[in-house]
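Peer 1: Quick one: structure below, then a few questions.
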Amino acid sequence: MVRFARGAAVSAGLLLIAGFGAGSLDARAQEITIGVTLGATGQTASIGIPMKQGAEVLPQKIGDVTVRYIFLDDGGDPGVAVKNMRQLTEQNQADVILGSSSIPSCTAMAEVALQTKTPQICLSPSRTNAFSFAMAQPAALMVEGMVENMHAKGYKNIGYIGFADSLGEHNLSSMQRLMEPLGMKLVASERYNRTDTSVTAQVLKIVAAKPDAIFVSASGTPAALPQLELVQRNYKGQVYFLHGVINRDFLRVGGKSLEGVIATAGPFAVAAELPDSNPIKAEALKFTKVYNDKFGANSVNTFAAYSWDAFKVLSAAVPVALKTAKPGTPEFRVALRDAMQNNPDIVGANGIYKMTATDHNGLDKRARVMVTVKGNAFHPLP
């Protein structure tokens, strides 16, 4: 099994552990190198660990070409993510980078991707540039689904509590832009940090404003904190989340307090309950089996599926890039980027990707479902 380590100095050891050698230049021409840096420790671990495990079950070949993986841990720290990115691109000459698992780390890495002209596939909903791509559903797409549901239910007065960072602010502005034309208004707006252990003061202010519904803009296990407090304060309105909470750790931490909350999610979260006519279902169930066979029954996680989808995109692009350049060269990295942004529709476990030169995500409404928590599990919203 490939170990996942932190820091630049361990990469050579990782290759030996994984059974890979540096190889000759000729051998390298028959080998694709995929660098992976994710936050498998630290505050983003509940997201980074399943993404890392998703990468660990990826195939070892694309067609007839061997794939070499180099795994590093950035601990959810953007500075370490950039350091890892530079090691992977400059020292290991990776052809493409998967990572990271948080928006701040992805954003920082994207600058290196642009400087080195190395394709980067972020597994979180990060902004992209000429050499960076993103696999997760963009926040605007998911916020749109949430606002549509709020409006359909007749909610007019909306409360907000979210992370005090760029993610939270982006989600808030997206919600306001969509709800104001619908006659909905923001009646309370509060912030908290990922590391906070209490949001009592913020929740008291929100509850005092008597909102019909509340949007919690947070991800991972820290997202459960406001809901736990809202239940303590006997709030009876509807609470909404986005797809950053779709994992078992969130359900474990939130427990019974999460019963009845609504979230926008990728279709993978409820794959078994999708209609057979949905092409995403078959791919989602295929990945579920691969993952559970390695990590145990019912262990699969929606975040892991983004690693699988990244490989699907690469599997279509690599054969095209190989027609014009050899792996390990600047020309191949550019050719790979070009192929990725000209791929046909790619059916993944979390959506159907149609990337272009102006859209390095390529997802649409087919990558969004509304879910609710019932019996400590996510189910499609009736």
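Peer 1: Report, in whole Å, the centroid distance computed from the Cα atoms of segment 320-380 and segment 160-203.
Peer 2: 29 Å
Peer 1: Another question, if that's okay. Quick check: pseudo-label points 7 Å beyond the Cα along Cα→Cβ at Thr195 and Thr329, how many nm apart are they?
Peer 2: My value for the distance between the label points is 4.7 nm.
Peer 1: What is the gain in length, in nm to one decimal, between Ala357 and His151 on full extension, counting 0.36 nm per residue of separation less the C-alpha to C-alpha distance?
Peer 2: Taking Ala357 through His151 to full extension adds about 70.8 nm, to one decimal.
Peer 1: Using unit Cβ charges (K, R positive; D, E negative) and no other charged atoms, how large, in debye to the nearest 20, is the dipole of segment 148-205 about its Cα centre?
Peer 2: Roughly 180 debye, rounded to the nearest 20.
Peer 1: A further question follows. Straight-line reach from Lys210: which aspartates and glutamates have Cα under 20 Å away, leaving out those fewer than 8 places along the same chain?
Peer 2: Excluding near neighbours in sequence, the set is Glu180, Glu190, Glu229.
Peer 1: I've got another one for you. Could you state the angle between the C-alpha long axis of helix 330-340 and the longest principal axis of the C-alpha atoms of the chain, as a value from 0 to 90 degrees rounded to the nearest 10?
Peer 2: So the inclination is approximately 40 degrees.
Peer 1: In terms of the Cα gyration tensor, with a ≥ b ≥ c the square roots of its eigenvalues, is segment 249-294 rounded because a/c is under 1.5, prolate because a/b exceeds b/c, or oblate?
Peer 2: In terms of gyration-tensor shape, oblate.
Peer 1: Under 18 Å from the Cα of Lys326, which aspartates and glutamates turn up, not counting those fewer than eight places away in the same chain?
Peer 2: Asp26, Glu31, Asp64, Glu90, Asp95, Asp338
Peer 1: Multiply the residue gap between Lys236 and Glu111 by 0.36 nm, knock off their C-alpha separation, and tell me the result in nm, one decimal place.
Peer 2: Extra length from Lys236 to Glu111 when fully extended: 40.6 nm.
Peer 1: Out of the DSSP beta bridges found with both residues in the chain, what percent are antiparallel (nearest 5)?
Peer 2: Here the share of antiparallel DSSP bridges comes out near 25 percent.
Peer 1: Please work out which option in [x] 35; [y] 18; [z] 24 gives percent of Cα pairs over 35 Å apart calculated from these coordinates, and answer with its label.
Peer 2: [z]
Peer 1: A further question on this structure: First select every other residue whose beta carbon is under 15 angstrom from the beta carbon of Ile103; then total the charges, Lys and Arg +1, Asp and Glu -1.
Peer 2: Once all neighbours under 15 Å are counted, the net charge is -3.
Only the coordinates and a few stated rules stand behind these numbers; no lab work does. Bear in mind the structure is a predicted one, so any value in this text is a computation, not a measurement. All Cβ positions, even for glycine, are placed from backbone atoms using ideal geometry, and neighbour counts span all protein chains on display.
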